[in-house]
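The values are calculated or read from the model by the stated rules, or taken from the named source; none is laboratory data. Quantities reported herein were computed from a predicted structural model and do not represent experimental measurements. Because the Cβ atoms are built from the backbone with ideal geometry, glycine has one as well, and the counts that use them run over all protein chains shown. Ligands, DNA and RNA are stripped out before the accessible areas are found, and what is left, the full protein with its side chains, is counted by its heavy atoms. Shrake-Rupley method; radii C 1.70, N 1.55, O 1.52, S 1.80 Å.
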Amino acid sequence: MKRTYSCPHCLTVLNPGTKIILVARADKAQGLILFDPQPGNYETIMSEKLHFAPQEAVEFHCPVCQSNLTSDKNKQLAEINFVFDDGSYGRVFFSKIHGEKATYFVTKEKVERFGENSDLYGNMNFF
């Protein structure tokens, strides 16, 4: 089933093609970053000029409304919406720490964890 990802603020679709598009900012670096929409795939595409240090906190923003996507649940995580073709929906929480692989897909029924660092925030109350 295909997931459509959107900004929780303006509801703009963030994956109009095959990648999720966000703005990434840290220190003096800023640019577009493309994520693979497949849970657990941490490959990204970004400009060769856009560099983040290991363990550097990266702020993610909507490319349309520029809203900061930092989660209210935990400031170390960013958060976006998703909806399946069948209408079911939820939120994706993912680590803002460069190099940390921790992603959580949260629906009203369950929390699915992905990434080798998912234990870091796994006990968090996402509801």
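Restricting attention to the range 53-74, the residues that are of a type outside the set (A, V, I, L, M, F, W, C) and open to solvent by 50 Å² or more (accessible area, probe 1.4 Å) total 7. Residues in the range 1-49 that are within 12 Å of the chain's Cα centre (by Cα), more than 15 Å from His98 (Cα to Cα) and not in a loop (DSSP other than H, G, I, E, B): Tyr5, Ser6, Ile20, Ile21. Considering the range 81-104 alone, what residues qualify as being buried (at least 19 other Cβ atoms within 10 Å of the Cβ) and of a type outside the set (D, E, K, R)? Those that are buried (at least 19 other Cβ atoms within 10 Å of the Cβ) and of a type outside the set (D, E, K, R): Phe82, Gly90, Val92, Phe93, Phe94, Ser95, Ala102, Thr103, Tyr104.
Screening Cys7 on (1) modelled with pLDDT of 95 or more; (2) surrounded by 15 or more Cβ atoms within 10 Å (Cβ to Cβ); (3) out of contact with any strand residue (DSSP E or B) (no Cβ under 9 Å at 6 or more places or on another chain); (4) not polar (S, T, N, Q) shows it passes everything except condition (3). Answer yes or no as to whether Leu120 is touching a residue at least 24 places away in the same chain (Cβ under 8 Å), under 23 Å from Val13 (Cα atoms) and of a type in the set (A, V, I, L, M). For Leu120, the condition - touching a residue at least 24 places away in the same chain (Cβ under 8 Å), under 23 Å from Val13 (Cα atoms) and of a type in the set (A, V, I, L, M) - is not met. Here the range 104-124 is the region considered, the condition is being modelled with pLDDT of 90 or more and of a type in the set (Gly, Ala, Ser), and the residue that is nearest to Tyr42 (Cα to Cα) is Gly115.
Output the strands (runs of 3 or more DSSP E) that fall wholly within the range 57-122 and possess 2 or more residues being more than 18 Å from Ile20 (Cβ to Cβ), or say none. I'd like the intermediate steps shown before the answer.
Numbers: elements: 59-61, 77-84, 89-95, 103-106, 111-114.
Ranges flagged: 111-114.
Among the residues making up the range 32-48, those that are in contact with a strand residue (DSSP E or B) (Cβ under 7 Å, 6 or more places away or on another chain) and free of Cβ contacts under 8 Å to residues at least 40 places away in the same chain are Leu32, Ile33, Leu34, Phe35, Pro37, Thr44, Ile45, Met46, Ser47. So, Ala78, is that one open to solvent by less than 60 Å² (accessible area, probe 1.4 Å), out of contact with any Asp or Glu (no Cβ under 7 Å at 6 or more places or on another chain) and either closer than 22 Å to Asp119 by Cβ or touching a residue at least 40 places away in the same chain (Cβ under 8 Å) (or both) or not? In short, yes.
Going through the range 10-24 one residue at a time, which ones are surrounded by fewer than 16 Cβ atoms within 10 Å (Cβ to Cβ) and without any contact (Cβ under 8 Å) to a residue 60 or more places away in the chain? Lay out the reasoning, then the answer.
Initially, the range 10-24 is screened for residues surrounded by fewer than 16 Cβ atoms within 10 Å (Cβ to Cβ), giving 10-13, 16-18.
Selection gives Cys10, Thr12, Val13, Pro16, Gly17, Thr18.
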